[in-house]
Structure formats: structure tokens, C-alpha cells
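Student: Submitted below is the structure of interest, expressed as C-alpha cells.
Each reported figure results from applying straightforward, stated rules to the coordinates on display, with no laboratory input. On a predicted model such as this, the values are computed, not experimentally measured, just so you know. Reconstructed Cβ throughout: ideal geometry from the backbone, glycine too, with neighbour counts over all protein chains shown.
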Amino acid sequence: MKCALVQLNPKVGDIINNRKNILKAMQKAKDLSAQLLLFPEMAITGYPPRDLLLYPAFVERAKGSAELIAKAAGEMGLTVLIGSIGYNLEKGQRLYNRALLMEGGDIIATYAKRLLPTYDVFDEARYFEAGTGPLVFKMGGLNFAVTICEDIWNDEAFWPHPLYRLDPLAGHPPFDVLLNLSASPFSVGKELLRERMLKALAQKYSCQILYCNQVGANDELIFDGRSSFFAPDGTLMARAKSFQEDILVVDLENPTKEIKDCDFDPEPETWEALSLGIRDYCSKNGLKSVVLGLSGGIDSALSASLAVNAMGKENVQGLIMPSPHSSDHSVFDALELASNLSLELVNKLPIGTAMESFKEILAPVFIDLPPNEAEENIQARIRGVLLMAVANKFGRVLLTTGNKSEISVGYCTIYGDMCGALAVIGDLYKTEVYSLANWVNREKIIIPRNTILKPPSAELKPGQTDQDNLPPYELLDAILIALLEKRISPMELARTGRFETETVRKVSSLVRAAEFKRRQGAPVLKITSQAFGVGWRMPIACRSIMDEFQDYGS
């Protein structure tokens, strides 16, 4: 018996075109002699549809599309299990996150997702009612158990602290094959954890596992695909492609190994994920090209390299916007990068005259006051205006190039270098930016050596470096990881003795003060377990845990 894991890249809300792609994939799978087809979670609507789910017309269109797919499946003689949504006619939320079992032209059974995540980027309880029971169907002499994504992520033997009281697999009716329809967002290193978990489940229940995951990027979320097939002894028998659509056909009775190559090192995973994030953000918004500033620094160099990989050199425009404070080597580095990337659209727009104009306009207000960050930030905001003007004139997506370290501590200018529609490396700490830049240069020099070797600087005043105001990035990033991802409070962190108390105090204070900036920033492509954006929900007006030193002293 042959089963197909149909790993698709749906566009959220594009129900008509999603259906067309589903039908095409069904025909391809049929041509490969598959009998049972699995599609990802909410493949009909795309995941996550968020507040589109609040519109009754959207739900009706999804329902109608499912009926058309079921009819086509019947005509092709296929059994299809596909993710969608459906009404809850009882008390509670009005919708279910459902798997639809299609056969003979009809939807013959449904399964409602039982574990609804509400952590990090997830908010499924806002829209869905939890399912209450299992679904097992028989085909080819085998019993198939149906689950959706989170339903298999709560085994108490695998997880030290399960998130839910319920484990949908505990006490489940007998099954031979466990099916899971997923839309599991990517983060670096997650696939290895996922495969360990699936191996443990296969061994625990002595079952084959067919895991079908969504691929593609929707807003800040990236999905890596890597749908997989596990034998009852936990052996990984087959894995679909990474970050690409794929149809993986497996024979349950006579399985053979078919494992697509995957590089699980952080740098290549990050490179592929961010490239896909840029590409899908543009294509799903109907835009074909991007623009970004080229400062000669490592952040813009890495962002431009990613943009070229994602969009092609002909669809990337770079603006070099030197001020009187910009060093000659920074301009040279930006030009060298453009040459290494073979960029055809590069413009040099000096901003000195604009700076003088602002100085003249503001003179009556700033009279007798010494220059400070106000004048520095004007430079960034002039560049932001120029970048937005070019983006508007040519219908391009403006990519913002700030890294996670800068965004964390507010070392960025709102309405300046924060301008843009998408934050490409906003989930990469500065030390990770350097690591990825060196990986980019592994075979030949793309990012100029001087860009990597020189001290990082915003060059908003003569001789400025980042470390004039910030700790060294190795130290800063270690503190940020502890505060933001490990959820260690500032005072607890200081008491470990790993860092000087005053440094922790300063960093935590900067993180706290920058919250209002982050709220107004561009969507950040998420590649870690804790990115800024929908998964970071800190209030602005509050007494923050970052205020601990101010509350209690040292």
C-alpha cells in the first residue's frame, strides 16, 4: 500500500489557488501509484490564517473548497486526509481545526485537533474548540490513527514537563499507523528534536508514523517541510526535502529508505530558512524585487547576500548613502560587496546636503544646544526617507537590516534604519551574523574581508564604534540570551557571577527602554525559539522584570 506525503506551500487565505495546487498534487501522487494521500494541517486555508477565521464568508469558502476536493478525490479513486477548518455546533468556540477524511467523493469522517497551543506564536484557543475524541480508520488491512500537529507533542515519557494534562495518544484505540498533519514552524535545531520525538513515539507504540509538514513562509513564520516516515523500531525510513515543496511516496508493506539530504548545521539551515522567508514574503504579496541600504557594514552585507540568493541579483537594488562621517573604506566595502554579488542596481546617494538642510531648519529650535543623538538619528532618518522613496517609486519591498542584538537594546533608529517591510536578520544575534557571514564566504569571498574584520560602527559621528555604548557583542549576546530566551531575571543573572552587575543592569535597562521601538518594527523572520514579534508580548507601560535593579537596588 502506497501513501503520499504531499508537502505543499499554501498561501494563507488564497483558498482558490490553494485548491488548484492541491488538485495538481493529487494527480501527481496518483501518477506515482499512491492510494492514501496526506496533506499538511490547514492545507486548504494555509496556516496560520489568524483573524481571517473570524469572517463567516472565509469559513464558508473553505468548506466549499473541501467539498470540491473530496469530489475530485472520488473521481481519481484516492483516499485523502487533508487539514482544514470546520464548524463547532456545540458550546464553545465556533470552529474546529480539522482533518478531513475523503473517499468516494465525500468527506466520510473528520477529526478535530485536541491540543490547541497558546504559547509563543500560537493562539489557537482564540479561534478553535478542542476536539474530544480519536479517529481511527481502516484501509488495506491497517488501522490508521489521525492526529494534528500538537497532538503528538505531549508524551510524558519524552517531555520532562508536558504542557497539557491530556495526551491524545494515551489510551488511544489500537492503531498500526500514526498519521500526523502538521504546520510546525521552523527554528534552528528543531528538526533533530522532532525526529527524536517521532522515533520515540514509533518505538513506544510499535507503529509506523507518517508525518506531513507544511513548507514555505507566511509573514514571519517559516516552515521547513521535511515530512517523514518512521518504522515501528524508530528507524527513519524516508524524509522529504527541506524548505521546498515535495511529494514523498512510501510503501507501507515494502518500505525502502529514501532520505533527502539535509544539512542540520546552524548556518546552512539559517541561510535556507531566511532565503525562503524573503522569497515567500515577496511572492505572496505580489512583489518581485527588494531594496536595501548598503552601508559597508556586516549586517547590510549579509542581508544583501540573502536577498540575492532569495530573489536573484536582477531583483535587488542597493542604495549607498554616505554622510560626511562615513569612512572611505565603508563606501569601498559597499561597492565591493555590490560587485561580488553582481548587483546591477546600485545607486550612491550622499546625504550631506540633506543633513545641512535639517540643521538649518532646526537651528531656531536647537539654538545653543550641543549636538547629541538627535543629530545622529537625523542621518538614519534621512536614509530611511530615501529608501522608502525608492521602494514606493518602483514597487519594491524595503528590507530592514538590523540584527537581534541591536533590536534588543534599541541600538537602532525608529523611522530610520528600522524603516522597512521585513526584518531579514532580526532574529540573528550579532555574533551569529558574523558566523553566517563567514559561512557565506566558505568557498569564495562574497562579503568583503574588511567588512567582517573592522570594528562595527553606525558611523553617525567621527570615530564612532558600537562598543562606545555597548558591551562587546560576545558578552552582550550571552546576557541577552539569558534574559530573553532562558528567562533569567537580571538580578538572578548578576548573582551567578558570570557577568558584572553594572553590565547586566545596563543591558536590562536598554532592553526595557526599547520595547516601544520593537512594537513598531517590521515583522522579524523567526528562526529561533524566541523571536521578537507575535511571540513576544511584553507590555510597554509597565514595571518590567527588566526594572528589577531599579525596584530593589543592587
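Student: Which is farthest toward the positive dipole end of the chain among Val409, Gln550, Pro173, measuring Cα position about the Cα centre, with Cβ charges +1 (Lys, Arg) and -1 (Asp, Glu)?
Tutor: My answer, from the dipole projection, is Pro173.
Student: Using only DSSP helix segments of four residues or longer, with each worth -39500 (n - 2.57), what per-residue ellipticity at 222 nm results for the chain after dividing by its residue count and rounding to 500?
Tutor: So the helix-based figure for the chain works out to -11000 deg cm²/dmol.
Student: Quick one: net charge around Asn21, please, counting Lys, Arg +1 and Asp, Glu -1 for every other residue with C-beta under 12 Å from its C-beta. Mind showing how you got there, number by number?
Tutor: On the way: positive: Lys11, Arg19, Lys20, Lys24, Lys28; negative: Asp14, Glu245.
Result for the local shell: +3.
Student: Report the charge-dipole magnitude of the chain in Debye, nearest 20, computed about the Cα centre from +1 at each Lys and Arg Cβ and -1 at each Asp and Glu Cβ.
Tutor: 1080 debye
Student: What length, rounded to one decimal in nm, is gained on full extension from Leu349 through to His172, with 0.36 nm per residue of separation minus their alpha-carbon distance?
Tutor: Answer, rounded to one decimal: 57.1 nm.
Student: Hey, if you put +1 on the Cβ of every Lys and Arg and -1 on every Asp and Glu Cβ in region 2-264, which of Ala125, Leu38, Leu163 ends up farthest toward the positive end of that dipole?
Tutor: Selected residue: Leu38.
Student: List the GluC sites (Glu not before Pro) in region 1-93 that DSSP assigns to loop (not H, G, I, E or B) and whose Cβ has at most 13 other Cβ atoms within 10 Å. Which are they?
Tutor: Glu90
Student: In a shell of Cβ-Cβ distance under 10 Å around Cys419, excluding Cys419 itself, what net charge do Lys and Arg (+1) and Asp and Glu (-1) give?
Tutor: Net of charged neighbours comes to +1.
Student: A follow-up question, please. Pop out the ³J(HN,Hα) list for region 519-529 in order, Karplus 6.51 cos²θ - 1.76 cosθ + 1.60 with θ = phi - 60°, rounded to Hz; leave Gly and Pro as x.
Tutor: Using θ = phi - 60°, the values come out as 4, 9, x, 5, x, 9, 5, 8, 9, 10, 6 Hz.
Student: Could you tell me how many degrees, from 0 to 90 and to the nearest 10, lie between the Cα long axis of helix 190-205 and the main elongation axis, the longest principal axis, of the Cα atoms of the chain?
Tutor: The angle comes out near 20 degrees.
Student: Using a ≥ b ≥ c from the Cα gyration tensor of region 1-96 (square roots of the eigenvalues), is it rounded, prolate or oblate, where a/c under 1.5 gives rounded and otherwise the larger of a/b and b/c decides, a/b for prolate? Could you put the intermediate results ahead of the total?
Tutor: Details: a/c = 2.18, a/b = 1.87, b/c = 1.17.
Prolate is the answer for region 1-96, as a/c is 1.5 or above and a/b outweighs b/c.
Student: State the label only: which of (i) 94, 63, 48; (ii) 85, 56, 47; (iii) 71, 61, 60 corresponds to Cα extents along the principal axes in Å computed from the shown model?
Tutor: After the calculation, the listed value that fits is (ii).
Student: Restricting to bridges with both residues inside region 2-264, how much of the DSSP beta-bridge set is antiparallel, in percent to the nearest 5?
Tutor: Values: 36 of 56 bridges.
Approximately 65 percent, going by the DSSP bridge assignments.
Student: Once you place label points 7 Å from the Cα toward the Cβ at Thr110 and Leu89, how far apart are they in nm?
Tutor: About 0.9 nm separates the two model spin labels.
Student: Over the Cα atoms of region 2-264, each weighted equally, I'd like the Debye log10 I(q)/I(0) at q = 0.10, 0.13, 0.15 Å⁻¹, rounded to two decimals.
Tutor: Debye curve over Cα of region 2-264, log10 I(q)/I(0) at q = 0.10, 0.13, 0.15 Å⁻¹: -0.43, -0.77, -1.07.
Student: Once the Cβ-Cβ distance between Lys28 and Thr496 is put in as r, and R0 is 35 Å, what FRET efficiency do you end up with, to the nearest 0.05?
Tutor: It comes to 0.05.
Student: GluC sites (Glu not before Pro) within region 152-236: which are DSSP loop residues with at most 11 other Cβ atoms inside 10 Å? Intermediate values should be presented prior to the final figure.
Tutor: Values: sites: Glu156, Glu191, Glu195, Glu220; in loops: Glu156, Glu220.
Counting only loop positions with at most 11 other Cβ atoms within 10 Å, the GluC sites (Glu not before Pro) in region 152-236 are Glu156.
Student: If you don't mind, another one. Relative contact order for region 2-264: what is it in percent, counting Cα pairs under 8 Å that are at least 6 residues apart?
Tutor: Relative CO of region 2-264 lands at 19 percent.
Student: Does anyone have the angle between helix 373-394 and the longest principal axis of the chain? Alpha-carbon axes, 0 to 90°, nearest 10?
Tutor: Result, in degrees: 50.
Student: Considering only the other residues whose Cβ falls under 12 Å of the Cβ of Val250, what net charge follows from Lys and Arg at +1 and Asp and Glu at -1? Can you show the working numbers first?
Tutor: Numbers: positive: Lys2, Arg239, Lys257; negative: Asp251, Glu253, Glu258.
It works out to a net charge of 0.
Student: Would you mind checking the tilt of helix 352-366 against the longest principal axis of the Cα atoms of the chain, expressed as 0 to 90 degrees and rounded to 10?
Tutor: That helix lies at roughly 70 degrees to the long axis.
Student: What GluC sites (Glu not before Pro) in region 303-403 are in a loop by DSSP, with at most 16 other Cβ atoms within 10 Å of the Cβ?
Tutor: On the way: sites: Glu314, Glu336, Glu344, Glu356, Glu360, Glu373, Glu375, Glu376; in loops: Glu344.
Filter output for region 303-403: Glu344.
Student: Something else about it: Based on the alpha-carbon gyration tensor of region 33-157 and its eigenvalue square roots a ≥ b ≥ c, which shape applies: rounded if a/c is under 1.5, prolate if not and a/b is larger than b/c, or oblate?
Tutor: Working: a/c = 1.97, a/b = 1.26, b/c = 1.56.
Verdict is oblate for region 33-157.
Student: Most exposed first by the Cβ proxy, i.e. fewest other Cβ within 10 Å, how do Tyr415, Tyr119, Tyr211 rank?
Tutor: With the fewest neighbours first, Tyr415, Tyr119, Tyr211 line up as Tyr119, Tyr415, Tyr211.
Student: Can I ask one more? Using θ = phi - 60° and the Karplus form 6.51 cos²θ - 1.76 cosθ + 1.60, what ³J(HN,Hα) does each residue of region 211-226 get, whole Hz, x for Gly and Pro?
Tutor: Ordered by residue, 3J(HN,Hα) equals 10, 10, 10, 5, 10, x, 10, 10, 6, 8, 8, 10, 10, 8, x, 6 Hz.
Student: How would region 308-413 be classified by its alpha-carbon gyration tensor: rounded, prolate or oblate, with rounded meaning a/c under 1.5 and the a/b versus b/c comparison settling the rest?
Tutor: Prolate, because a/c is 1.5 or more and a/b exceeds b/c.
Student: Another question, if that's okay. So how strong a dipole does region 237-382 carry about its Cα centre when Lys and Arg Cβ are +1 and Asp and Glu Cβ are -1, to the nearest 20 debye?
Tutor: About 460 debye.
Student: Pulled fully out, how much extra length does the chain show between Ala389 and Phe358, if you take 0.36 nm times their separation in residues and subtract their Cα-Cα distance?
Tutor: Values: separation 31, 0.36 × 31 = 11.16 nm, distance 1.79 nm.
In short, 9.4 nm is gained.
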